[in-house]
Amino acid sequence: MAEPSVLDANKPHNALPKKVTPKKKNVLIKHWDLYLIMVPGILFFLIYRYVPMWGVVIAFQDYSVFAGISGSEWVGWKHFERMFETEEFYRIFSNTLLISLYKLFWGFPAPIIVALMLNELRNMLYKRTIQTVIYMPHFLSWVIVGGIMINILEPSTGIINQFISFLGFEPIYFIADDSWFRTVLVTSDLWKSVGWGTILYLAALAGINPQLYEAARVDGANKWQQTWHITLPSLLPTIVILFILQMGNILEVGFEQVFILLNPLVYNVGDVFETYVYRVGITQGQFSYTTAVGLFKSVIALILVVGANKIAKKLGQNGLW
């Protein structure tokens, strides 16, 4: 019997032949079609979101259209100091904050409630009809919605005031009344957006395991107990994410809606950042000052988003990052 060679003796007994693995393709080349789909979205944000940010520097200049950004005089915090010294700024800030909080208070839970109600409907034809009806206002522009609201609330021919007159009360000029204007804004926004907002919640409801409800019924839980202990906890991650995003828009009342419904009689309760920036910045040419106002609003929005995200993390929920 042949003796093992020196080379064979040096080899480990448990040595296995090396596995030859094929070279991995470059991820960019392998998934080129997916990256190609991303290009339009990336270009959109680059062109319309990031490139215009260069214009923020005029908030620290006495900007002149003829001198341009590079030729305008730098003045530091001058426009921010003017902003905090102007009573008008505090008026538009309080108007924006109050209207946003009203919309958040009424508009944020409304899609959740509607989604829960629609989820309980068993007649599919009736359910889809209701969904279609409440979704439709979302696809109308604020020009159309504003015209509808003005016609409905018109003091002499509007259907609301005709009903009020029928009951024996004096007609109310809702659009020009300080005590009613914010209610009109919140109500019209709710009518336009609540149907569309239910889509995400209905999708989240569809992902809940039906066996959880079956187990709850076996244990004797009624509909309210099932909603409280199964449905709402399952919706909570979606609710938290949307709430954080909503906090970022707390100072975004919506230019189109307010601009269409606003009139000089209700400036003291309806004038907000967007309409103020348009009126003072565009029509009066105070570009640097209104850029400072817009930058202040963006900084506040960033603080609110970061704060809401940290609070969500501390409460054990998933944040945006």
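The values are calculated or read from the model by the stated rules, or taken from the named source; none is laboratory data. This is a predicted model, so every value here is computed, not measured. Positions of Cβ are backbone-derived with ideal geometry, glycine not excepted, and every protein chain shown enters the neighbour counts.
Values computed for the structure shown
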{"item": "Only listed residue being among the polar types (S, T, N, Q), exposed (fewer than 13 other Cβ atoms within 10 Å of the Cβ) and either assigned to a helix (DSSP H, G or I) or within 23 Å of the chain's Cα centre (by Cα) (or both), chosen from Thr157, Thr129", "result": "Thr129"}
{"item": "Residue match in the stretch 83-106 (condition: in a helix (DSSP H, G or I), over 26 Å from the mean Cα position of the chain (by Cα), without any contact (Cβ under 8 Å) to a residue 24 or more places away in the chain and crowded, with 16+ Cβ neighbours inside 10 Å)", "result": "no"}
{"item": "Residues located in the stretch 55-68, provided they are out of contact with any strand residue (DSSP E or B) (no Cβ under 7 Å at 6 or more places or on another chain), of a type outside the set (Gly, Ala, Ser) and either within 21 Å of Met83 (Cα to Cα) or surrounded by 15 or more Cβ atoms within 10 Å (Cβ to Cβ) (or both)", "result": "Val56, Val57, Ile58, Tyr63"}
{"item": "Qualifying residues in the stretch 286-321 (those that are outside any helix (DSSP H, G or I), free of Cβ contacts under 8 Å to residues at least 60 places away in the same chain and not hydrophobic (A, V, I, L, M, F, W, C)) - the one surrounded by the fewest Cβ atoms within 10 Å (Cβ to Cβ)", "result": "Gly316"}
{"item": "All positions within the stretch 76-105 that are over 16 Å from Glu252 (Cα atoms) and in contact with a Leu (Cβ under 9 Å, 6 or more places away or on another chain)", "result": "Phe80"}
{"item": "Restricting the stretch 174-209 to residues that are closer than 22 Å to Thr132 by Cβ and over 20 Å from the mean Cα position of the chain (by Cα), the residue that is modelled with the highest pLDDT", "result": "Leu205"}
{"item": "Selection status of Glu214, in contact (Cβ under 8 Å) with a residue 40 or more places away in the chain and acidic (Asp, Glu)", "result": "no"}
{"item": "Val145 being β-branched (Val, Ile, Thr) and either more than 27 Å from the chain's Cα centre (by Cα) or within 30 Å of Trp224 (Cα to Cα) (or both)", "result": "no"}
{"item": "Matching residues in the stretch 43-77 - criterion: being of a type in the set (Phe, Trp, Tyr) and not in a helix (DSSP H, G or I)", "result": "Tyr63, Phe66, Trp74, Trp77"}
{"item": "Residue satisfying condition, being within 29 Å of Ile113 (Cα to Cα) and under 22 Å from the mean Cα position of the chain (by Cα), within set Gly294, Gly220, Gly270", "result": "Gly270"}
{"item": "For Ile175: the one exception among (1) free of Cβ contacts under 8 Å to residues at least 40 places away in the same chain; (2) more than 19 Å from Pro109 (Cβ to Cβ); (3) of a type in the set (A, V, I, L, M)", "result": "(1)"}
{"item": "Residues that are under 23 Å from the mean Cα position of the chain (by Cα) and in a helix (DSSP H, G or I), drawn from the stretch 256-267", "result": "Glu256, Gln257, Val258, Phe259, Ile260, Leu261"}
{"item": "Selection count, the stretch 241-255, where residues are under 17 Å from Gly294 (Cβ atoms) and assigned to a helix (DSSP H, G or I)", "result": "2"}
{"item": "Pro210 vs. criteria surrounded by fewer than 16 Cβ atoms within 10 Å (Cβ to Cβ), under 24 Å from Leu185 (Cβ atoms) and not polar (S, T, N, Q)", "result": "no"}
